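Right, one structure below, let's go through it.
Every number in this text was worked out from the coordinates using simple rules, so none of it is lab data. Keep in mind it's a predicted model, so treat the numbers as computed, not measured. Because the Cβ atoms are built from the backbone with ideal geometry, glycine has one as well, and the counts that use them run over all protein chains shown.
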Amino acid sequence: MLIIPAVDIKNGRCVRLFQGRLDSETVFSDDPAAMAKRWEQEGAEIIHVIDLDGAVEKRPKNLNSIKKIMERVDAHIQVGGGIRSRETVKMYLNLGVKRVIIGTEAIKDPQFVKDVCRAFPDQIVVGIDARDGLVAIEGWTETTKVKAVDLARQFEDCGVAAINFTDIHRDGMQTGPNIEATRCLAEAVSIPVVASGGVSTIEDIKNLMPLEAVGVVGVITGRALYSGSLSLKTAIEVSKTRPASAS
């Protein structure tokens, strides 16, 4: 299982939010590229970079910070936040970004997502953020009436690389991931799923590992790494050496 550190950028700084609320940020670094480099040095194979301002403004807002990450880091980078057009997708891919994450447009314009998935196979990740099982969009400021599982099923067989599934109530709270909701989503689709939200300790990683059997291929973690309650090196070691089981 891949352990994927998160670098969330707001106003050019590396921050973490509680439950996605923009008014509840904690600043961890004024240099997001330095943080990304640190996670690479600790063994990260892929780093999850989110333009929080872009998610709200509906267009890239921290492009300079993301370019600096690309210049300093050799690990794969996946980028999300404010990606609403084919041009933005191409721009990021041309920068060398491994995968582009599309969230809000997945529910507002699913055909757009299907089109870019087919144009750029295995390079598009669909980000599904859920609050009580229902999809939240627009930087988590709006909750829809669409079930996360139903949205995920729309993107079968169109070349989606993965689904990033976030339980918003757990995000930044370090209360443990929503194992059951993640399992249900992974069992409902054939697309690989990456879990996010609530990871606090190495026990949370161990609890997620059996879900590999149903298609959960990775876990994104942020605040736990920055607060020190989880060691990235240890998490990576455990993910590679502890055999997962379906039980």
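In this simple spin-label model, placing a label point 7 Å from the Cα along the Cα-to-Cβ direction at both Asp157 and Met91 gives a separation of 3.5 nm. With contacts taken as Cα pairs under 8 Å at a separation of at least 6 residues, the chain carries a relative contact order of 19 percent.
Within a straight-line Cα-Cα reach of under 22 Å, Lys147 can be paired with the following lysines, leaving aside sequence neighbours fewer than 8 residues apart in one chain: Lys108, Lys114. Counting only DSSP beta bridges with both residues in segment 93-165, the antiparallel share comes to about 45 percent.
Ignoring aspartates and glutamates fewer than eight residues from Lys240 along the same chain, the ones with Cα atoms less than 14 angstrom from its Cα are Glu45, Glu212. Among Glu212, Glu45, Glu180, the largest mean-square fluctuation in a Gaussian network model of the chain (Cα springs under 10 Å) belongs to Glu180. Of all DSSP beta bridges confined to segment 2-238, the antiparallel ones make up roughly 30%. Counting Lys +1, Arg +1, Asp -1, Glu -1, what net charge surrounds Leu134 among other residues with beta carbon under 13 Å of its beta carbon? Computed value for this residue: -2.
Fewest neighbouring Cβ atoms within 10 Å first, the residues Ser190, Ser227 line up as Ser190, Ser227. Remark: relative contact order (segment 1-144) = 18 percent; criterion is Cα-Cα distance under 8 angstrom and separation of 6 or more residues.
Calculated FRET efficiency, Asp109 to Ala213, Cβ-Cβ distance, R0 = 30 Å: about 0.35 to the nearest 0.05.
For percent of Cα pairs over 33 Å apart, computed directly from the structure shown, the correct entry in [x] 12; [y] 32; [z] 8 is [z]. Computed about the Cα centre, the dipole magnitude for the chain is approximately 320 debye when only Lys and Arg (+1) and Asp and Glu (-1) carry charge, each at its Cβ. Taking the Cα centre of segment 44-157 as reference, the dipole from Cβ charges on Lys and Arg (+1) and Asp and Glu (-1) amounts to some 220 debye.
Between Trp39, Asn164, Cys184, the Cα set farthest toward the positive side of the dipole of the chain (charges on each charged residue's Cβ, about the Cα centre) is that of Trp39. Distance between the 7 Å Cα→Cβ label points at Ser190 and Glu45: 2.3 nm.
Using just its DSSP H runs of length 4 or more, each adding -39500 (n - 2.57), the chain gives a mean residue ellipticity at 222 nm of -9500 deg cm²/dmol after division by all residues.
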